[in-house]
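Quick notes on the structure that follows.
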Amino acid sequence: MIDEIVTGKQVTLRPVQADDEAKLSEIFSDPEVARWWGDPAKSVQDALENTDDDSQFLIELDGEAIGFIQCTEETDPMYRHASIDISLRSPWQGKGHGPDAIKALAQFLIGKRGHHRLTIDPAAHNTRAIKAYERVGFKPVGLMRQYERGPSGEWHDGLLMDMLAAELRD
Ligand SMILES: CC(C)(COP(=O)(O)OP(=O)(O)OC[C@H]1O[C@@H](n2cnc3c(N)ncnc32)[C@H](O)[C@@H]1OP(=O)(O)O)[C@@H](O)C(=O)NCCC(=O)NCCS
């Protein structure tokens with residue numbers, strides 16, 4: 001688990017603490033977040049859970065908690081990689097803060113944790129997320145059919161994207 005602050009160009013990633021429940025609830029109950037992340041209560045509970053391979057951060061801008069980002073590190077040497085997921089509150093979407101936060105975490109995972117490959121798996125119809133990840137250097141590598149259940153219980157496709165260390169954009 002990563003327990004240090006990670007800084008981006010504008011945003012700061014601060015490890016989640018037990019007393020962040022209200023801030024997490026504000027993030028995950030935002031309709032433009034719940035639409036992709038599902039049940040807000042479950043997302044808050046998962047975000048407060050500490051496990052060795054998962055690291056959870058609040059994304060802060062000028063001291064305000066504008067979103068959440070997490071990574072999971074696969075430690076099996078044969079498959080070692082890290083996966084990332086993110087959510088920004090709607091007033092801060094569409095302003096480039098997503099790529100800033102993802103790039104900061106990617107630089108940390110590659111530079112400090114020595115990862116050679118990172119993955120991310122947006123819903124295939126989440127065009128904004130896919131564009132944001134491509135801007136950082138992630139490439140679409142495969143369609144995962146009926147991969148994720150949506151808010152009304154229907155299955156939809158997911159897009160597996162990955163990035164090798166040398167592909168991280170400046
Ligand atoms: C996905 C997310 C992290 C992207 O971060 P962001 O800071 O909003 O991203 P950007 O501002 O860089 O915008 C990304 C792209 O989407 C485009 N975009 C902006 N508003 C858009 C909209 N309403 N619809 C579609 N694309 C849009 C931008 O033009 C940009 O494309 P470009 O790089 O070609 O210019 C953020 O929007 C978010 O948290 N959304 C809600 C939760 C979510 O979808 N999480 C991801 C689950 S995998």
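The values are calculated or read from the model by the stated rules, or taken from the named source; none is laboratory data. It should be emphasised that the depicted structure is a prediction, and the values quoted were computed from it without experimental measurement. Every residue, glycine as well, gets a Cβ built from its backbone with ideal geometry; the counts of neighbours run over all protein chains shown. Side chains are part of the model used for accessible areas, which takes the heavy atoms of the whole protein and leaves out ligands, DNA and RNA. Shrake-Rupley method; radii C 1.70, N 1.55, O 1.52, S 1.80 Å.
Between Glu154, Glu26, Glu74, which gets the highest mean-square fluctuation from a Gaussian network model of the chain, Cα cutoff 10 Å?
Ranking Glu154, Glu26, Glu74 by mean-square fluctuation puts Glu154 first.
If Ser25, Ser87, Ser152 are ordered by their accessible area, calculated over protein heavy atoms with a 1.4 Å probe, which sequence runs from highest to lowest?
Listed by decreasing accessible area, they come as Ser152, Ser25, Ser87.
Count of lysine pairs in the chain with Cα atoms under 21 Å apart, counting only pairs 8 or more residues apart in sequence or on different chains?
12
For labels at Gln107 and Thr72 in the simple 7 Å Cα→Cβ model, what's the distance in nm?
In this crude spin-label approximation the distance works out to 2.7 nm.
Determine the share of the chain's accessible area contributed by carbon and sulfur atoms, expressed in whole percent, with a 1.4 angstrom probe. Display every interim value, and only then the final one.
On the way: 4380 of 9110 Å².
It is 48 percent, rounded to a whole number.
Taking the radius of gyration and the Kirkwood hydrodynamic radius from Cα positions alone, what is the Rg/Rh ratio for region 11-62, to two decimal places? List each step's numbers first, then the result.
On the way: Rg = 11.0 Å, Rh = 11.5 Å.
The Rg/Rh ratio comes out at 0.96.
Taking each pair of distinct Cα atoms in region 6-119 once, what is the resulting Kirkwood hydrodynamic radius in Å?
Final number for the Kirkwood radius of region 6-119 is 14.3 Å.
What accessible area per residue comes out for the chain, rounded to a whole number of Å², with a 1.4 Å probe? Please report the intermediate quantities before stating the final value.
Numbers: 9110 Å² over 170 residues.
Ligands and nucleic acids excluded, the figure is 54 Å² per residue.
Within the chain, which is the longest segment containing none of the trypsin sites (Lys or Arg not before Pro) that sit in a DSSP loop and have at most 16 other Cβ atoms within 10 Å?
10-79
Would you kindly derive the ³J(HN,Hα) couplings of region 81-92 from the backbone phi angles with the Karplus curve 6.51 cos²θ - 1.76 cosθ + 1.60 (θ = phi - 60°), listing them in order in whole Hz, with x for Gly and Pro?
After applying 6.51 cos²θ - 1.76 cosθ + 1.60, I find 6, 10, 10, 10, 8, 8, 8, 10, 5, 4, x, 10 Hz.
Just to confirm my numbers, what's the Cα centroid distance between region 1-71 and region 123-163 in Å?
About 20 Å separates the Cα centre of region 1-71 from the one of region 123-163.
For a quick size check, give me the Cα extents of region 108-170 along its three principal axes, largest first, whole Å.
So the extents along the principal axes, rounded to whole Å, are 40, 20, 18.
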